[in-house]
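Down below is the structure, laid out as structure tokens.
The values are calculated or read from the model by the stated rules, or taken from the named source; none is laboratory data. Note that this is a predicted model, so its numbers are computed, not measured. Here Cβ is always computed from backbone atoms with ideal geometry, including for glycine, and neighbour counts include all displayed protein chains. To get the accessible areas, we keep the full protein, side chains included, count just its heavy atoms, and leave off ligands, DNA and RNA. Shrake-Rupley method; radii C 1.70, N 1.55, O 1.52, S 1.80 Å.
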Amino acid sequence: MFAARRQRFLDALGPDSVAILVGARLATRSADTEYPFRQDSDFWYLTGFDQPDAVAVLRNDAGPAFTLFVQPKDRAAETWTGIRPGVEGAVERYGADEAYPSGELIEKLPTLLERARHVYHVLGRRKDVDRKLIAVQEELRTRTKLGFAPAADLIDPRHLLHEMRLFKDPEELDWMRRAAAISAEGHERAAGLAQPGKYEYQLEAELLHAFRSNGASGPAYGSIVGGGKNAAILHYVTNDQRLAKDSMVLIDAGAELAGYASDVTRTYPVGGRFSGAGRAVYEVVLAAQEAALALCRPGATLPQIHEAAVRSLIEGMVSLQLVEGTVDDVFANESYRPWYMHGTSHWLGLDVHDVGTYSRGKEPRKLEPGMVFTVEPGLYVRDDDENAPESLRGLGVRIEDDVIITDDGHENLNTAIAKRIPDVEAWVRAGS
Ligand code: GLY
Ligand code: MN
Ligand code: MN
């Protein structure tokens, strides 16, 4: 799978190209502790190699197609931080044609680059690599009489790679389905704990339990558990407040599995019964999400999906007395924006806000099979919002699903997560 991707990538480069891909390094958390390692998504996509400090050199000139630089075997270091594949493992298990210790990268760069007509490299990640790359080109310029030549250009590989990543292959879709299934278990567990008096972090702990105990690396992004007015803070991750009776709690959380993100939001009634204004807002957002989902098929565009969500939300906002006027007027004058200020969709994949362009020239790109994205309308009223009816203040609802575009429509990855009012209420009451 990774080999096939590397081949597709190499086929997309011009002839005599060399691409240098830099893997992630450990980041300091505090003093001498580090954040858990997370491989760079592009590096993972092409190599499946999940260790820090690696560099891959892919080439379609005369040299070996895949060279990996990796942390070498080191008994003492491995005793502290874990067994490394080493250069032997890089060849045997990761399909490298040749492998060297990471420390030899800089000295090997001249040989790796001397026949390259096109060099693909992301500048700014590793100053030592950038400097050497430039020095090598200048040095080749002095050897033209001997038949050498500097590369004709230095190209950022990301436009090619990210276009590849935008279209998920069947293996990727399977990982995403599995990440979604794990997220469903997390949501169900957390929903059961949406009871008055519980702390937001207790619900977060249920999510984490489900994610890790099913083999996910953890959450794909900081889990959002916003009770009451906290639901109106879009990326609330403090998660340290108590849930109040008759409030709602917004949970935006998804598992990361094999690097693939799931990104799901549900809003649960604390205690298990939607009531009053909260119920009305929930119904408005649900209708908007359904209107948006109905458009998810090949040939549609994300702005069309967003517009469908917004128009439906506006109808609801009129009935909730948040805005006045016709749907067309409110859509045009954007007076809905204080209560719906974000987009409806983003690509999803190895990154939660995944790579890939959203337009082709000036035109939004048309959806095609294999693209995966979210559909996540919401409605948020801050508790100090004097422009909103008092009954709505402090309410926030978002409903977010992930969809794959198929040949004739879409596959919703999150149908196992309760969304209709009776189903959501039943999930909460099951835990009471
Ligand atoms: N969880 C971040 C987002 O929904 O985009
Ligand atoms: Mn989300
Ligand atoms: Mn999202």
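Kindly indicate which of G23, G82 is of a type in the set (G, A, S), more than 20 Å from D130 (Cα to Cα) and without any contact (Cβ under 8 Å) to a residue 40 or more places away in the chain.
Working: G23 fails: more than 20 Å from D130 (Cα to Cα).
The conditions single out G82.
Look at E411 and say whether it is within 15 Å of ligand 1 (Cβ to nearest atom), of a type outside the set (F, W, Y) and either within 20 Å of the chain's Cα centre (by Cα) or open to solvent by 30 Å² or more (accessible area, probe 1.4 Å) (or both).
Numbers: within 15 Å of ligand 1 (Cβ to nearest atom): no; of a type outside the set (F, W, Y): yes; either within 20 Å of the chain's Cα centre (by Cα) or open to solvent by 30 Å² or more (accessible area, probe 1.4 Å) (or both): yes.
Here the answer is no, as E411 does not meet what is asked.
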Tell me, please, whether a residue that is over 25 Å from the mean Cα position of the chain (by Cα) and more than 16 Å from ligand 3 (Cβ to nearest atom) can be found in the stretch 284-292. yes
For the stretch 1-42, how many residues meet the condition of being under 20 Å from P219 (Cα atoms), open to solvent by less than 40 Å² (accessible area, probe 1.4 Å) and either outside any loop (DSSP other than H, G, I, E, B) or touching a strand residue (DSSP E or B) at 6+ places or on another chain (Cβ under 6 Å) (or both)? 2
With criteria (1) open to solvent by 40 Å² or more (accessible area, probe 1.4 Å); (2) away from ligand 2 (no atom under 16 Å from the Cβ); (3) in contact with a Leu (Cβ under 9 Å, 6 or more places away or on another chain), S213 comes up short on (3)
Could you check the stretch 99-119 and list, in sequence order, the residues that are open to solvent by less than 20 Å² (accessible area, probe 1.4 Å) and in a helix (DSSP H, G or I)? L105, L109, L112, L113
Could you grab me the full set of residues in the stretch 332-349 that are within 16 Å of ligand 1 (Cβ to nearest atom) and open to solvent by 10 Å² or more (accessible area, probe 1.4 Å)? M341, H342, G343, S345, H346
Looking at (1) open to solvent by 10 Å² or more (accessible area, probe 1.4 Å); (2) over 23 Å from G431 (Cβ atoms); (3) away from ligand 2 (no atom under 16 Å from the Cβ); (4) touching a residue at least 24 places away in the same chain (Cβ under 8 Å), can you tell me which one A220 breaks? (3)
